Amino acid sequence: MPCGGSIGTAAIGVTGGDTVADWLDELNPAQCEAVTHGDGPLLIVAGAGTGKTRTLACRVAHLIQEGVPPERILLLTFTRRAAAEMIHRCGHVTGRQTAGQVWGGTFHAVANRLLRVYGRALDLADGFTVLDQSDAADLMNLVRTELGFAKRKRRFARKSTLLSIYSRMVSADRPLEETLETHFPWCQDDAEPMRQIFEGYARRKRDGRLLDYDDLLLYWSALCVTPKVGEVVSGRFDHILVDEYQDTNPIQAEILRGMHRRCRNICVVGDDAQSIYSFRAATVRNILDFPKQFPGARTVTLEQNYRSIQPILAASNAVMEQARERYTKDLFSDRRSDQKPILMTCVDERGQCDVVCTLILEHLEQGIPLMNQAVLFRTGHHSAMLEVELSRRNIPFRKFGGLKFVEAAHIKDMLALLRVLENPFDEISWFRILLLLDGIGPRTAARIMDHLGVRQSPPASNGVDDVDANPVSPLQRLAVDPPTVPPASREHFGRLRTVLSECCGTRVNGKADNGKPRPKQRQQGLSLSTQVDRIRSFYEPIFERIYENPQIRLRDIDQLSQIAAGYRSRSRFLTDVTLDPPETTSDLAQAPFLEEDYLTLSTIHSAKGCEWTVVHIIHAADGMIPSDMAVGDEDGIEEERRLLYVAMTRAKDSLYVHFPLRYYHRRFDMGDGHGYAQRSRYLTDAVCALFEQRTAGVDDDLDLDEETTRAADPYGRVSRLWKA
């Protein structure tokens with residue numbers, strides 16, 4: 001997401017030829033203390049806008065300058081791009097190309113890399129593939145349907161809900177009953193059927209050589225405690241550094257403790273005040289309890305903010321001062337200003353939309369591009385009325401937090417074909433591919449997969465080279481012993497058979513010389529980009545038949561082809577697009593105007609890590625912030641407080657918090673009506689005193705004397721009727 005600018009590489013202010021002292025002198029005292037810390041655990045509590053990325057990159061650079069081999073450093077971030085940026089900065093500081101040898105990536109990507117090397121110690125089959133969230137939900141649904149829970153007389157949890165329950169249970173390491181009671185109380189009566197579904201789901205993953213996101217972390221944690229191998233894995237690194245530690249879940253903290261067996265130098269960076277992802281099973285306890293979990297840990301607090309003016313920080317600090325439990329920090333800035341943040345009270349939601357649009361256009365006329373302005377909200381639907389008003393006023397915008405690139409149906413079709421080549425036992429991908437063909441429905445697809453042996457147990461990872469001891473690859477069986485298909489499917493199925501055989505280097509000749517399927521052959525010749533081209537030639541006629549707006553969607557396939565062209569390994573490509581996919585599809589985003597300038601609309605969760613010159617926070621009413629769904633316990637209320645804090649600290653120069661007094665609603669039993677709102681509980685009188693308070697629709701320069709006010713007072717008018 002465009003974030004209106006951030007502290008980039010240039011902000012380090014050095015060239016590759018500068019000495020260590022040169023770039024250390026540019027750090028503030030707290031940053032320098034964190035960067036030059038010696039051995040032992042280190043917790044860096046980095047407030048919003050305090051240069052944590054710069055600090056972490058400089059610490060990696062300092063370690064390399066001190067003689068730590070780059071390949072002995074592990075840098076864990078929440079996106080691959082964040083790791084790449086930090087390593088690039090590190091190389092810029094040190095002037096050494098060896099910085100690129102640092103192990104950098106997300107927890108899931110590093111887990112995948114380690115499991116490719118050490119997975120056999122856990123009986124993990126070679127050639128496993130990773131399910132993305134959508135495919136994992138489809139597999140869950142397949143098991144749900146086969147067990148008969150899709151045809152019940154009463155409502156049963158859908159596939160996405162089942163996957164959410166399963167993932168939260170695993171990530172938080174909590175029993176099913178506790179997970180349902182705390183987070184999914186409406187599903188408590190179905191605990192027993194869910195046990196059957198989860199057991200079947202886990203078994204199908206194992207049989208199909210499939211891992212989901214949670215499995216990657218579980219297997220890495222298991223590696224750490226496995227005799228001998230655990231010592232090797234935890235001993236691979238001399239230093240482990242973790243970014244955004246407040247967003248980790250219990251399994252990730254468990255991994256760090258396991259790696260601490262031999263790697264004593266664990267450094268984590270984070271801000272407890274920005275822990276806002278509990279819905280992903282992240283817990284603020286990881287950062288709050290770090291000193292207990294890693295005895296002897298040193299804590300360094302970064303408080304100097306380089307983003308916002310001081311009045312915005314004063315208001316943000318006041319919001320967090322009310323927190324029940326936190327690391328004490330008081331953000332300050334050298335950027336002084338007399339302009340306080342503005343609390344705008346609006347008559348209703350329509351009035352809120354009107355004033356937001358008016359202010360956006362005023363800032364645009366003052367020379368602040370739309371790209372440097374943003375509107376933030378708690379939940380996606382909160383911007384619905386505003387989007388209409390923006391369109392009416394001809395203000396271009398982009399909304400973030402929607403469908404990811406690889407979640408688009410046509411991209412998933414292409415990836416399914418590649419996944420089958422990588423793992424022929426991936427039944428979810430086979431099922432998706434077969435249903436693309438005319439004349440093939442779920443029953444026929446299941447029969448074809450049974451014929452090909454897709455649902456057989458895969459080869460064991462025991463290092464045995466005797467191919468007769470293992471099931472025949474479904475791709476090999478497809479080449480030499482194809483199944484019977486309906487007449488309407490023969491042409492397309494024949495083309496599918498040809499393209500898969502070409503891409504995996506298998507000959508299509510009906511039968512092998514001895515009348516039996518040939519052993520699995522290695523992929524020969526075709527590069528990944530050539531495989532993508534062959535698959536595309538097969539897929540495009542089908543694609544044009546089944547999807548609307550094919551020309552628009554075709555651009556996404558072009559983009560996928562361009563991404564694939566940068567990879568030599570099919571396995572690496574599939575891993576990267578699964579674990580760290582591009583954000584949005586080109587057909588989902590509104591096209592910008594000719595000046596290529598647009599306003600950002602974003603949920604607060606999606607805005608974390610970004611910054612803009614001007615920020616509007618809308619719907620600052622109780623029930624909105626905090627959400628009425630999150631006020632059932634103290635932990636939820638505290639996280640919602642942190643969410644408001646994150647939103648406020650995205651602003652550099654101007655912050656507007658909008659509060660509608662009245663909300664209109666339509667109810668079936670009562671008809672149209674309205675209700676009055678309460679200002680967000682986090683905007684206490686003490687906090688509001690740090691804002692300039694305005695009312696939308698009232699001329700702030702109008703001086704109303706006491707006599708005029710009394711004459712216009714409705715209460716005063718009617719009270720005269722009963723007073724003498």
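The values are calculated or read from the model by the stated rules, or taken from the named source; none is laboratory data. The shown structure was predicted, so the numbers you read here are calculated from the model rather than taken from an experiment. Neighbour counts run over all protein chains shown; Cβ positions are idealised from the backbone, glycine included. For accessibility, only protein heavy atoms count, side chains too; no ligands or nucleic acids. Shrake-Rupley method; radii C 1.70, N 1.55, O 1.52, S 1.80 Å.
Sorted by accessible area with a 1.4 angstrom probe, largest first, how do VAL110, VAL232 fall?
Most to least solvent-accessible, the answer reads VAL232, VAL110.
Pulled fully out, how much extra length does the chain show between ARG681 and THR358, if you take 0.36 nm times their separation in residues and subtract their Cα-Cα distance?
Gain on extension, ARG681 to THR358, equals 113.6 nm.
Separation of segment 320-394 and segment 50-104 by C-alpha centroid, Å?
35 Å
For CYS346, what residues show an amide H to amide H distance below 5 Å, using hydrogens built from the backbone and excluding near sequence neighbours?
Long-range HN contacts for CYS346: PHE659, LEU661, ALA696.
In what order, largest first, do THR328, THR444 sit by accessible area if the probe radius is 1.4 Å?
Per-residue accessible area, sorted high to low, gives THR328, THR444.
PRE reach from TRP186 (point 7 Å along Cα→Cβ): which of segment 382-399 fall under 11 Å by backbone N?
none
Can you check what the net charge comes to around TYR663, using other residues whose Cβ is under 9 Å from the Cβ of TYR663 (Lys, Arg +1; Asp, Glu -1)?
-1
With label points built 7 Å along Cα→Cβ from the Cα atoms of THR226 and GLN196, find their separation and express it in nm.
Result for the modelled spin labels: 3.4 nm.
Hey, which of these cross-link pairs are over 31 Å Cα-Cα: LYS151/LYS399; LYS228/LYS292; LYS151/LYS608?
LYS151/LYS399; LYS151/LYS608, as the Cα separations exceed 31 Å there.
Describe numerically, in nm with one decimal, the distance between label points set 7 Å from Cα along Cα→Cβ at ARG298 and at ARG81.
If labels sit at ARG298 and ARG81, their model points lie 3.4 nm apart.
Taking the full set of protein chains and a 1.4 angstrom probe, give the accessible area of ILE428 in square angstrom, rounded to the nearest 10.
Looks like 10 Å² after rounding.
Given 0.36 nm per residue, what is the gain on full extension from ALA488 to ARG336 after removing their alpha carbon distance, in nm?
The span from ALA488 to ARG336 would gain 47.4 nm if fully extended.
So how exposed is TRP186, as accessible area in Å² (1.4 Å probe, rounded to 10)?
Approximately 150 Å² of TRP186 is accessible to the 1.4 Å probe.
Between ALA323 and GLU634, what length in nm is gained on full extension when 0.36 nm per residue of separation is reduced by their alpha carbon distance?
110.9 nm
Return the distance in nm (one decimal) between the two label points of a simple spin-label model at SER561 and ALA409, each offset 7 Å from Cα along Cα→Cβ.
2.2 nm
Please state, as a whole number in µm²/s, the translational diffusion coefficient that the Stokes-Einstein equation yields for segment 32-117 at 25 °C and 0.890 mPa s, with Rh defined as the Kirkwood radius across alpha carbon pairs.
183 µm²/s
Please identify which residues in segment 408-441 have an amide N closer than 16 Å to a label point set 7 Å out from the Cα of ARG545, following the Cα→Cβ vector.
433-441
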